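Novice: Below you will find the structure I want to go over with you.
No value in this document is a laboratory result; all are computed from the given coordinates. Note that the coordinates shown come from a computational prediction; the quantities given were computed from them, not determined experimentally. All Cβ positions, even for glycine, are placed from backbone atoms using ideal geometry, and neighbour counts span all protein chains on display.
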Amino acid sequence: MTGQTTAAAPRGRTFLRTAIALQTLTLFFQAATAGMLLTSSHGYLLHDIGSKVMYAATMLYVLAAVLAWRPGGGSSRPVLYATGFLLLASAQVALGIAHMPSLHVPLGVVMFALSTLALVRALSPRLPLRPATRS
């Protein structure tokens with residue numbers, strides 16, 4: 001039983017890292033296609049397709065966070081982050097459909113920044129905790 005838990009944990013973290021990387025990449029693509037909306041006739045189509053892919057990547061992030069959490073019994077914090085991000089993505093899609101660029105664009109910037117931070121955190125090696133010292 002112990003072998004299953006230790007084998008499942010690295011796979012779950014790898015899937016989680018991959019899902020966060022995919023989400024970050026799709027958000028970057030969305031930023032690029034948002035700029036293309038201003039210069040190209042194909043910008044709208046690419047941004048529309050990208051929004052669907054971004055939303056699917058965010059749902060995949062939630063799934064990966066749950067799968068990484070449940071088998072090993074680790075922290076539920078990634079699940080909370082992923083769920084919060086899914087709520088942000090839902091708001092982003094609604095603002096885009098409502099053609100509210102004054103809120104849609106800044107929220108997109110915030111989402112890209114948060115996703116990049118989550119990716120950096122997921123890819124960084126865990127440092128051992130040091131005992132607290134009093135000076």
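Novice: Packing-wise, with mean Cβ within 10 Å as the measure, how do 14-20, 50-56, 39-45 rank, highest first?
Specialist: Working: 14-20: 19.6, 50-56: 17.1, 39-45: 11.3.
Ranking, from highest mean packing down: 14-20, 50-56, 39-45.
Novice: Compute the distance in nm between two label points, each set 7 Å from the Cα along the Cα-to-Cβ direction, one at residue 87 and one at residue 56.
Specialist: 2.6 nm
Novice: A further question on this structure: Per-residue HN-Hα couplings for segment 90-107, Karplus 6.51 cos²θ - 1.76 cosθ + 1.60 at θ = phi - 60°, whole Hz, x for Gly and Pro?
Specialist: Computed from phi, the couplings for segment 90-107 are 5, 5, 4, 5, 4, 5, x, 5, 7, 6, 10, x, 5, 10, 5, 5, x, 5 Hz.
Novice: What does the extension gain come out to for residue 31 and residue 107, with contour length at 0.36 nm per residue minus their alpha carbon separation? Could the numbers behind the result be given before it?
Specialist: Values: separation 76, 0.36 × 76 = 27.36 nm, distance 1.12 nm.
So the extension gain works out to 26.2 nm.
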